[in-house]
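One structure below.
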Amino acid sequence: MHILRFVRATAPKIVVLENVGGLVMATHREFFDAVISMLRETRWPWLPGQRYIVEWSMLDTKEFKMPQSRPRVWIVAVRADCLQNRLVWPRARAPCHAIDALLDGPRPARAFLASALPPPTSGNARLNVINELRKLRERGVDPLEDTHVIEIDNCATSDGFASTVMRGCSPCLTRRRAQSGGHWVSTRGRRLTTAEMLKLQFMRPARLVVPPSVPGSAFRAMIGNSMSVNIVEVLLAMVSRACPGVLGPPLPDRWSAT
């Protein structure tokens, strides 16, 4: 509602919103449909006859070259007086980059990896790493040679501890999991670093200066809450094609197959 009040007061030409994929599922669908309706019904006394053209789509970061599985619902609202061409949503472009190219530092010696685990004080995280590495080996996979990323900070289930494990790609960096230190990388014997999490969101670590007053855990939580910049880029490119002149010349699209 804060965003809607801002939109009603300022009439931006373009609005881009993002949220978790669960927003379009049955549990939250009534709320989602209300958001779409309120955007479409928005009017401005000083812009008679104008309204928003509102569209939405589910886009996943890993389908646009960056190795993070992050399905999100994206809403784009364009003021009708700015729209000259139809909005053509970006198409997935596979495969994504190998995550090894984004990881920092050399791969440790195998002898180190063989015994590398979260500390005993990490509880569920340590048990999850032990269990998931064992499962990979039972499937004939060598996790010390073939990079797998293990989501390890999760809750206990009736079967023990459930994890998401992905080959060459990171599970979603949620706020809580990023804040607690990120996922486990099998060929590094450690969690993702803060710089690596930034890169998985297509942010440049060298360009971000974190104020000393912001704790590391709080900054990592912000990374988990952020929008993936590669997706923002393809959406701005989409809008620039549909609304010539609003963002200047059509913007390049490096990530999609559109």
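The values are calculated or read from the model by the stated rules, or taken from the named source; none is laboratory data. This one's a predicted model, so the numbers in the text were calculated from it and none came from an experiment. Cβ: placed from backbone, ideal geometry, glycine included. Neighbour counts: every protein chain shown.
Summary of values
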| quantity | calculated |
| --- | --- |
| Residue within the range 211-222 that is crowded, with 16+ Cβ neighbours inside 10 Å and small (Gly, Ala, Ser) present | yes |
| Test: residue in the range 116-127 that is assigned by TED's automatic domain parsing to the domain that holds Thr187, among the small types (Gly, Ala, Ser) and at pLDDT 95 or above | yes |
| Filtered residue count, the range 37-58, keeping only those that are surrounded by 18 or more Cβ atoms within 10 Å (Cβ to Cβ) and either within 17 Å of Ala257 (Cβ to Cβ) or of a type in the set (Ser, Thr, Tyr) (or both) | 2 |
| Residue within the range 56-64 that is of a type in the set (Val, Ile, Thr), farther than 19 Å from Val232 by Cα and touching a strand residue (DSSP E or B) at 6+ places or on another chain (Cβ under 6 Å) present | no |
| Test: residue in the range 132-141 that is crowded, with 19+ Cβ neighbours inside 10 Å, in contact with a Phe, Trp or Tyr (Cβ under 7 Å, 6 or more places away or on another chain), assigned by TED's automatic domain parsing to the domain that holds Gly216 and modelled with pLDDT of 95 or more | no |
| Helices (runs of 4 or more DSSP H) contained entirely in the range 143-258, each with at least 3 residues that are modelled with pLDDT of 95 or more and closer than 16 Å to Met66 by Cα | 194-200, 229-242 |
| Unmet requirement for Pro45, which otherwise passes all of (1) modelled with pLDDT under 95; (2) more than 23 Å from Arg254 (Cα to Cα) | (1) |
| Any hit, the range 72-80, residues being closer than 30 Å to Lys13 by Cβ and without any contact (Cβ under 8 Å) to a residue 60 or more places away in the chain | yes |
| Near pairs, Cβ below 7 angstrom, 6+ apart or cross-chain, from the range 101-124 (without any contact (Cβ under 8 Å) to a residue 40 or more places away in the chain and assigned to a helix (DSSP H, G or I)) to any residue that is of a type in the set (Gly, Ala, Ser) and surrounded by 10 or more Cβ atoms within 10 Å (Cβ to Cβ) | Asn124/Ala156 |
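One line per residue, one yes/no per condition, for (1) within 15 Å of Glu196 (Cβ to Cβ); (2) surrounded by 17 or more Cβ atoms within 10 Å (Cβ to Cβ); (3) at pLDDT 95 or above; (4) out of contact with any helix residue (DSSP H, G or I) (no Cβ under 6 Å at 6 or more places or on another chain):
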position: Asp60; (1), (2), (3), (4): no, yes, yes, yes
position: Gln68; (1), (2), (3), (4): yes, yes, yes, no
position: Asp81; (1), (2), (3), (4): no, no, yes, yes
position: Val88; (1), (2), (3), (4): no, no, yes, yes
position: Ala94; (1), (2), (3), (4): no, no, no, yes
